[in-house]
Amino acid sequence: MEITVCAPADVALLDQHMGSPGVTSFHARRFARQEAGECTYLVAWLDGRPVGHTEMRWLGCAAPDVTVDCPEIGGLGVWPEELRSRGIGTALIRAAEDLARERRLTTVGIGVGRDNPRAAALYARLGYRSLVDYVDRYAYEDHDGTTRECVEQCTFLVKELPQGC
């Protein structure tokens with residue numbers, strides 16, 4: 001497996017292998033944020049195809065209840081499902097943490113849906129601790145032109161990053 005920073009040509013491959021709803025895919029939106037300097041979008045590759053992704057949001061969590069000032073690891077996903085629990089998500093999180101260390105940042109955060117105990121267990125194993133409950137809200141335009149709003153009950157977790165020599 002290899003992890004790279006998302007390149008322009010990767011967006012179409014991500015859409016093909018790991019689709020998302022909306023007129024503008026989540027992958028295209030994340031890549032646009034990367035181009036604007038707001039995040040770094042990481043892609044995990046296995047045998048030449050994308051199998052996972054996450055973004056390190058340098059601006060942090062946008063939810064008003066999350067007041068800690070740190071970058072947020074967001075949009076973590078591994079697909080297809082049968083590839084989960086094989087270290088891909090862990091590798092993506094560690095790669096994002098390494099990006100933070102390169103910037104000499106000492107704390108990172110990650111949000112997890114309260115209905116996702118499997119992800120919460122992974123984050124706990126990696127040293128993340130619960131900080132605050134919050135409501136995550138986002139919207140996208142569906143293919144029929146309807147704006148879809150999504151609301152998810154989440155917990156924001158943080159981790160202190162040990163600094164290397």
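Summary of computed values
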quantity	calculated
Of all residues making up region 139-165, the number that are open to solvent by less than 30 Å² (accessible area, probe 1.4 Å), hydrophobic (A, V, I, L, M, F, W, C) and assigned to a strand (DSSP E or B)	4
Identity of the residue in region 127-138, surrounded by 15 or more Cβ atoms within 10 Å (Cβ to Cβ) and out of contact with any Lys or Arg (no Cβ under 7 Å at 6 or more places or on another chain), that ends up nearest to E55 (Cα to Cα)	D136
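The values are calculated or read from the model by the stated rules, or taken from the named source; none is laboratory data. Everything numeric here is computed off the predicted structure, so don't read it as measured data. Counting neighbours? That spans all protein chains shown, and the Cβs are built from the backbone with ideal geometry, glycine included. SASA here: full protein model, heavy atoms, side chains in, ligands and nucleic acids out. Shrake-Rupley method; radii C 1.70, N 1.55, O 1.52, S 1.80 Å.
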